[in-house]
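The values are calculated or read from the model by the stated rules, or taken from the named source; none is laboratory data. Note that the structure is predicted; figures quoted are calculated from it, not measured. So basically every Cβ, Gly included, is an ideal-geometry build from the backbone, and we count neighbours across all protein chains shown.
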Amino acid sequence: MTEEIRQIIAEHGRLSMDADELTPNADLYHAGMTSHASVNVMLALEDHFDVEFPDRMLKRSVFESISAIEAALQELRAEPAVS
Amino acid sequence: MSVSVARDQTRDQAFMGAVIRVADEVAAPNADSVDREARFPIETIEGLREAQALSAFVPTELGGGGVAFETIAEACFELGRRCGASAMVFAMHQIQVVTIVRHLEDADWFEEYLQALAREQRLVASVTSEVGTGGDMGRSVAAVTPAEGGMRTFQKQAPTVSYGAYADDLFVTLRRDPDAEATDQVAALARKDQLQLEQNSSWDPLGMRGTCSPGYVVSATIAPEQVLATPFPRVSAESMVPVSHILWSHLWLGIATDAFERARAFVRAAAKRSPGETPPAALRLSHLMSELSLLRAEVSSGLTEFVEASDEPGRERLGTMASALRFNNLKIAASEQAPRVCQGALGVCGIMGFKNDTPFSVGRHLRDTMSACLMVANERIHHTNASLLLIAKDV
């Protein structure tokens, strides 16, 4: 999952550095991801992992690093699906 | 720190009584000259200083008034009814104070600063806009730069600094360090004796003339402790943006309410001249009341939601995109509705409202509220909202 997230960040995060060099806890905003780019990352993550981030998760801290995103995705997958 | 914990009714009432006295006795009689001469409303600010109103939101344990946020908002409304520029200066000062108080995190320097602010009734202005950022407050060019003796320096090109020449201290957004990205921002507080201001543009605007907001090159040398520890993006989302939008919208509502009151006085005068007949302007006034009600409802619900969300542990809700949309919408709605109400009042009063020297003049109200859509341009906020709406769920 980490590599899939990294790939999505590389495509949509518009970082000022190479996404391959990101450590799991590196701050994506400090790496140059803007609020606008973060929305595109969220949309791509929802599409790729077939999930929907609820509003309580749509905040800066949930998308600030690869590991934070991974934790959020795992939390969503652990929840029973809502039809 | 919660915004409404331990609300002390007596204390809040005493504060409001003092603010209303200054509004009625000082701000109102000077409003026209402040506007005409585009001069700083010095007598109103001095009156507020004497009433210890500049430290109203500072906690009592730091020597402040311990007044609730809702009451600060009410004070902005009351001042707005008498002098829009005075209200805007007061509101902008309170935005900085509320922001610092909410993000103190026991920092010694900032606690001592707030004590000095309360003791000396220091006036704080903000330097958030910057040349080269396209009006985006979430980006900075100027950076906190290491200097000799462990100090920090910065130089910022600010297109507008409201009451910069009259402020004791400036709250400034900057990049964290010279290598930081434009969005990696912090906020720093620089005191007057550490600052150099070089004015580089004039101030002769359409409205809000008393805010005296020309452009400056702002330079300072400060200690590292004068940089707020909490990263600015969090400070911005949890406090500075919603607090700005709430306090601004309260004073815009105040201006619009006074315009409505003038229109009502005009209609009553007409009705007294011809008893038994409803004056034609009365119908227009009724339409105008529904416009004012919409504004009042939006402003009031924005305040309530913010206070509720601020009382939640960790203020989690204020960090969400749904919250950003909510308080952005408050700003857009209030800044569009306030001049609409003032224009409606002009429609009721006719030539008597158009003239600048009648009891029914609303020109200043209309011009002052026309600044609302420019203070952080509404189109920029719409761009942000458009992006957030792609992903937010319940809005």
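Check whether at least one residue in segment B:297-311 is surrounded by 23 or more Cβ atoms within 10 Å (Cβ to Cβ) and closer than 21 Å to residue B:205 by Cβ, and report yes or no.
no
Quick one: in segment B:348-383, which of the residues that are of a type in the set (A, V, I, L, M, F, W, C) and free of Cβ contacts under 8 Å to residues at least 24 places away in the same chain is nearest to the other protein chains (Cβ to nearest Cβ)?
B:374
Answer yes or no: is there a residue in segment B:321-339 that is buried (at least 21 other Cβ atoms within 10 Å of the Cβ), closer than 27 Å to residue A:53 by Cβ and small (Gly, Ala, Ser).
Among the residues of segment B:321-339, at least one is buried (at least 21 other Cβ atoms within 10 Å of the Cβ), closer than 27 Å to residue A:53 by Cβ and small (Gly, Ala, Ser), which makes the answer yes.
Quick test of your reading of the structure: residue A:50 fulfils all but one of (1) over 12 Å from the mean Cα position of the chain (by Cα); (2) within 11 Å of chain B (Cβ to nearest Cβ). Name the failing condition by number.
Among (1) over 12 Å from the mean Cα position of the chain (by Cα); (2) within 11 Å of chain B (Cβ to nearest Cβ), the lone unmet condition for residue A:50 is (2).
Could you please give the count of residues in segment B:306-319 that are within 14 Å of chain A (Cβ to nearest Cβ) and part of a helix (DSSP H, G or I)? It would help to see each step written out before you state the result.
Residues of segment B:306-319 that are within 14 Å of chain A (Cβ to nearest Cβ), as a first pass: B:309, B:312-319.
Now narrow it down to the ones that are part of a helix (DSSP H, G or I): B:309, B:313-319.
Total meeting the criteria: 8.
Given the criterion more than 25 Å from the chain's Cα centre (by Cα), assigned to a helix (DSSP H, G or I) and more than 14 Å from every other protein chain (Cβ to nearest Cβ), identify the matching residue among B:330, B:283, B:292.
B:283
Of everything in segment B:16-39, what is without any contact (Cβ under 8 Å) to a residue 12 or more places away in the chain and closer than 17 Å to residue B:50 by Cα? Give them in sequence order.
Across segment B:16-39, the qualifying residue is only B:17.
Examine segment B:104-122 for a residue that is closer than 19 Å to residue B:64 by Cβ, crowded, with 22+ Cβ neighbours inside 10 Å and either polar (S, T, N, Q) or not assigned by TED's automatic domain parsing to the domain that holds residue B:46 (or both), and state whether such a residue exists.
Looking through segment B:104-122, none of the residues is closer than 19 Å to residue B:64 by Cβ, crowded, with 22+ Cβ neighbours inside 10 Å and either polar (S, T, N, Q) or not assigned by TED's automatic domain parsing to the domain that holds residue B:46 (or both).
Residue under question is residue A:31, and the condition is that it be more than 10 Å from chain B (Cβ to nearest Cβ) and either surrounded by 12 or more Cβ atoms within 10 Å (Cβ to Cβ) or assigned to a helix (DSSP H, G or I) (or both); does it hold? Full working, then the answer.
Details: more than 10 Å from chain B (Cβ to nearest Cβ): no; either surrounded by 12 or more Cβ atoms within 10 Å (Cβ to Cβ) or assigned to a helix (DSSP H, G or I) (or both): yes.
Answer is no for this residue.
Consider segment A:37-83. How many of its residues are among the small types (Gly, Ala, Ser), surrounded by fewer than 19 Cβ atoms within 10 Å (Cβ to Cβ) and not in a helix (DSSP H, G or I)?
Total satisfying the criteria: 2.
Kindly evaluate residue A:16 against the criterion of being exposed (fewer than 13 other Cβ atoms within 10 Å of the Cβ), at pLDDT below 95, assigned to a loop (DSSP other than H, G, I, E, B) and facing chain B (nearest Cβ under 9 Å).
Yes; evaluated as a whole, the condition is true for this residue.
Which residue pairs have Cβ atoms under 8 Å apart, sit 6 or more places apart or on different chains, and have a first residue in segment B:315-329 that is of a type in the set (Gly, Ala, Ser) and a second that is not in a helix (DSSP H, G or I)?
B:319/A:59; B:322/A:58; B:322/B:392; B:322/B:393; B:322/B:394; B:322/B:395
Here is a check on your reading of the model: is residue B:22 out of contact with any Pro (no Cβ under 9 Å at 6 or more places or on another chain) and not assigned by TED's automatic domain parsing to the domain that holds residue B:168? First the steps, then the outcome.
Values: out of contact with any Pro (no Cβ under 9 Å at 6 or more places or on another chain): yes; not assigned by TED's automatic domain parsing to the domain that holds residue B:168: yes.
Yes; evaluated as a whole, the condition is true for this residue.
So which of A:22, A:15, A:58 is more than 11 Å from the chain's Cα centre (by Cα), closer than 24 Å to residue B:237 by Cβ and free of Cβ contacts under 8 Å to residues at least 24 places away in the same chain?
It is A:15.
Across segment B:204-245, what is the total count of residues that are assigned by TED's automatic domain parsing to the domain that holds residue B:171, under 20 Å from residue B:79 (Cβ atoms) and either touching a residue at least 60 places away in the same chain (Cβ under 8 Å) or surrounded by fewer than 18 Cβ atoms within 10 Å (Cβ to Cβ) (or both)?
7
Looking only at segment B:247-259, decide whether some residue is among the polar types (S, T, N, Q) and farther than 30 Å from residue B:343 by Cα. First the steps, then the outcome.
Residues of segment B:247-259 that are among the polar types (S, T, N, Q), as a first pass: B:249, B:257.
Narrowing further to those that are farther than 30 Å from residue B:343 by Cα: none.
No; the residues of segment B:247-259 include none that is among the polar types (S, T, N, Q) and farther than 30 Å from residue B:343 by Cα.
Failed condition for residue B:93, given (1) surrounded by fewer than 22 Cβ atoms within 10 Å (Cβ to Cβ); (2) in contact with a Leu (Cβ under 7 Å, 6 or more places away or on another chain); (3) within 25 Å of residue B:224 (Cα to Cα), with all others met?
Unmet condition: (1).
Anything in segment B:161-202 that is at pLDDT below 95 and in contact with a Cys (Cβ under 8 Å, 6 or more places away or on another chain)? List them, or say none.
none
Across segment B:270-288, what is the number of residues that are without any contact (Cβ under 8 Å) to a residue 40 or more places away in the chain and either surrounded by 15 or more Cβ atoms within 10 Å (Cβ to Cβ) or of a type in the set (Asp, Glu) (or both)?
We begin by selecting, within segment B:270-288, every residue without any contact (Cβ under 8 Å) to a residue 40 or more places away in the chain; these are B:270-280, B:282-283, B:286.
Restricting the remaining residues to those that are either surrounded by 15 or more Cβ atoms within 10 Å (Cβ to Cβ) or of a type in the set (Asp, Glu) (or both) gives B:270-271, B:277, B:279, B:282.
Looking only at that region, the number is 5.
I'd like to know if segment B:98-115 contains one or more residues that are modelled with pLDDT of 95 or more and within 23 Å of residue B:335 (Cβ to Cβ).
Scanning segment B:98-115 turns up at least one residue that is modelled with pLDDT of 95 or more and within 23 Å of residue B:335 (Cβ to Cβ).
Listed residues B:322, B:392, B:345, B:386; which is more than 22 Å from residue B:129 (Cβ to Cβ), part of a helix (DSSP H, G or I) and within 11 Å of another protein chain (Cβ to nearest Cβ)? Write out each step before concluding.
On the way: B:392 fails: part of a helix (DSSP H, G or I); B:345 fails: within 11 Å of another protein chain (Cβ to nearest Cβ); B:386 fails: more than 22 Å from residue B:129 (Cβ to Cβ).
Residue meeting the stated conditions: B:322.
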